[in-house]
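This report refers to the structure that appears directly beneath it.
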Amino acid sequence: MTDNSLSVRESVGTAPAISIRGVTKRYAGATNAAVDSLDLDIAQGELVVFVGPSGCGKTTTLRMINRLEDPTAGSIHVNGTDVTEIDPAELRRSIGYVIQQGGLFPHQSVATNIGCVPRLLGWPKARIRERVEELIELVRLDPDLLDRYPSSLSGGQQQRVGVARALAADPPILLMDEPYSAVDPVVRAELRHELRSLQERLAKTIVFVTHDIDEAIDLGDRIAVFKTGGHLAQYSVPTELLARPDSQMVEDFLGADRTLRRLSLLTVTTAQLEPATATTPPLTIEASFSLRSTLDALLANATDLATVVDLDGSVLGVITLDAIAQIASGDPDSEPVRPWAAPRRKR
Amino acid sequence: MIAAQGPDSLIWWDWVGRHGDEILHKTLEHIYLTAVAVGIGLILAVMLSVCALRFNWTRSPIVWTSGALYGIPSLALFGFLVPITGASVLTAEIALVSYTLLVLVQNLLAGIEGVSPAVRDAADGMGYTASRRFISIEFPLALPQFITGLRIATVTTVGLVTVAALVGHGGLGDFINDGLKRNFSTPIMVGVIGSILLAVIADAAFVLLQWLTTPWLRRARR
């Protein structure tokens, strides 16, 4: 099945999962290129977000990875294989694909939708059914929904079905094209959270396109900021992007409060803690708090000192406003942290 | 007997009673002529639509030709065909099929082209080949619209069959033709009412078919 000799599953050592080299895409009749001489590597197991204003080529770039578009020039390798050497349908069955509202097939039940790639791959019926049940659990949906049609599901549920369908044949790579743009902000945050924890468990390589910089910062292990004309403006981990935007365009795109945003990605323990003394400050902060929440607590209590404690209550040290200011003004190499997730995998 | 039903009566029921077998026979012929015409029209329309979708340059000629056929007055078409194919079933069917094509082709094309781009994009992204995408995604989604086309084509054909009485194969239309010639209202009424009943039954049958083939449109939205 997917163990075909040309399948993208054949990973080559620790080579990048996706390697884009000198890729240009020019649509017939258009004067400007949609994507212009793009070079980009995406490491195995990373969640990379393509972000930028509309018309910056981020979606086109994503669509060239599974050959929904073919480049005008340059090459794209997926796990070491040039994608143009793989039959497009074959290639796409081995790469998960999620779009807005999941792009579900309205005439098929949720179960049939989820099982579509395994069906294309010719899996036996019993195995498909088993896999579908496994997936519905994975994306935290009620198994009662399996026999329903997509139109009777909420936006968030449809989106979860879309993810389950993309994961059905256990592809190593997942492409997500503005998947959450049609769901409300609360559900959106929830879906992002779930995607994070899903990725922690499954270690997929994910490419995620959005026009929302907050979503990019919230989700990305690494963020590729595109600018109009299909150029890559900057490609960095979120904390570095926020600390050192390397052009005016990126700085404007990040918005005015980028320092605070960076602090929200760092835990209180990344700051230099003062040793605890006999008289510890009355305000206590849990070690999992972000620096931003810590700052908020300090300001709200009109103090410049707080005691940092770990989960079982033992004192780790004292955090000061000065220490936060020091982080805010520099040190972009601090380890990013997501308060909800288990400790990140080491790369 | 004549006292019971005056000569001015629109329908002489005893005439209807005496011609029961013939009415049944002509009704079956009517259904047969309609079914063959719509059946052949359906096959041709699917082939023509696939061709129009696959090779875009054929789209305009196909739609234009089926539109032109639809535009020919039926009397003129029969008059044109009789010298070639005679007063035969073939003549009747050629004319009837020509009139179904426009409605069927246009509804099928509109149905397929009305499939949301997101759904088509998702199908491509999942790894559907073009033919598989057509069979398991686009065609089922175009079904409601296509069946609407079938409904219109069938109801129209039921009416048009009566005109084929001119070439001697008009089903219930033969009664109308006969009645007009003899200036006798009873067979005219039998032909007209019978053909209207057939049209109504066919229409209802397609509504049922549409309901049966589109379960996803049935459930109430939340």
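The values are calculated or read from the model by the stated rules, or taken from the named source; none is laboratory data. In this text, all values refer to a predicted model and were calculated from it rather than measured experimentally. Cβ sites come from the backbone with ideal geometry, for glycine too, and all protein chains shown count toward neighbours.
Pick out the one residue from A:Val337, A:Val237 that is within 30 Å of A:Leu40 (Cα to Cα), modelled with pLDDT of 85 or more and among the β-branched types (Val, Ile, Thr).
A:Val237
The rows are residues; the columns are (1) of a type in the set (Ser, Thr, Tyr); (2) out of contact with any Phe, Trp or Tyr (no Cβ under 8 Å at 6 or more places or on another chain).
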| position | (1), (2) |
| --- | --- |
| A:Val207 | no, no |
| A:Tyr235 | yes, yes |
| A:Gln248 | no, yes |
| A:Leu260 | no, yes |
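Residues checked against (1) within 14 Å of chain B (Cβ to nearest Cβ); (2) polar (S, T, N, Q); (3) not in a loop (DSSP other than H, G, I, E, B):
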| residue | (1), (2), (3) |
| --- | --- |
| A:Asp39 | no, no, yes |
| A:Gln44 | no, yes, no |
| A:Ser54 | no, yes, no |
| A:Arg67 | yes, no, no |
| A:Ser75 | no, yes, yes |
| A:Gln108 | yes, yes, no |
| A:Ala111 | yes, no, yes |
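Go through (1) touching a residue at least 60 places away in the same chain (Cβ under 8 Å); (2) of a type outside the set (A, V, I, L, M, F, W, C); (3) surrounded by 17 or more Cβ atoms within 10 Å (Cβ to Cβ); (4) farther than 14 Å from A:Leu104 by Cβ one by one and return the number of the condition A:Gly162 breaks.
For A:Gly162, the exception is condition (4).
Show the residue pairs meeting these rules: Cβ distance below 9 Å; 6+ apart or different chains; first residue within the stretch A:282-301 and farther than 23 Å from A:Arg258 by Cβ; second residue exposed (fewer than 15 other Cβ atoms within 10 Å of the Cβ) and of a type in the set (S, T, N, Q).
Close Cβ pairs satisfying both conditions: A:Pro282/A:Asn301; A:Pro282/A:Thr303; A:Leu283/A:Asn301; A:Leu283/A:Thr303.
A:Gly115 is checked against (1) within 13 Å of chain B (Cβ to nearest Cβ); (2) touching a Gly at 6+ places or on another chain (Cβ under 6 Å); (3) of a type in the set (Gly, Ala, Ser) and fails just one. What number does that condition carry?
(2)
Being within 11 Å of chain B (Cβ to nearest Cβ), out of contact with any Gly (no Cβ under 8 Å at 6 or more places or on another chain) and either surrounded by 16 or more Cβ atoms within 10 Å (Cβ to Cβ) or over 20 Å from A:Leu219 (Cβ atoms) (or both) is the requirement here; does A:Asp82 meet it?
Taking the combined requirement at face value, the residue does not satisfy it.
Taking the residues in the stretch B:172-222 that are touching a residue at least 12 places away in the same chain (Cβ under 8 Å) and among the aromatic types (Phe, Trp, Tyr) as candidates, determine which candidate is farthest from the other protein chains (Cβ to nearest Cβ).
Within the stretch B:172-222, the match that is farthest from the other protein chains (Cβ to nearest Cβ) is B:Phe175.
Test each condition in (1) of a type in the set (Lys, Arg); (2) touching a residue at least 60 places away in the same chain (Cβ under 8 Å); (3) away from chain B (no Cβ under 13 Å) for A:Arg192 and report the one that comes out false.
For A:Arg192, the failing item is (2).
With A:Ala189, A:Ala164, A:Ala216 as the choices, which residue is in a helix (DSSP H, G or I) and touching a strand residue (DSSP E or B) at 6+ places or on another chain (Cβ under 7 Å)?
Just a single option satisfies the conditions, and that option is A:Ala216.
Does at least one position in the stretch B:46-61 carry a residue that is under 17 Å from B:Val158 (Cβ atoms), of a type in the set (Val, Ile, Thr), in contact (Cβ under 8 Å) with a residue 60 or more places away in the chain and in a helix (DSSP H, G or I)?
Checked the stretch B:46-61: no residue is under 17 Å from B:Val158 (Cβ atoms), of a type in the set (Val, Ile, Thr), in contact (Cβ under 8 Å) with a residue 60 or more places away in the chain and in a helix (DSSP H, G or I).
Among the residues of the stretch A:206-217, is any farther than 10 Å from A:Val51 by Cβ and among the aromatic types (Phe, Trp, Tyr)?
Scanning the stretch A:206-217, I find no residue that is farther than 10 Å from A:Val51 by Cβ and among the aromatic types (Phe, Trp, Tyr), so the answer is no.
Assuming A:Asn32 fulfils every condition listed in (1) under 24 Å from the mean Cα position of the chain (by Cα); (2) at negative phi apart from one, which condition is it?
Tallying (1) under 24 Å from the mean Cα position of the chain (by Cα); (2) at negative phi, A:Asn32 fails exactly one: (1).
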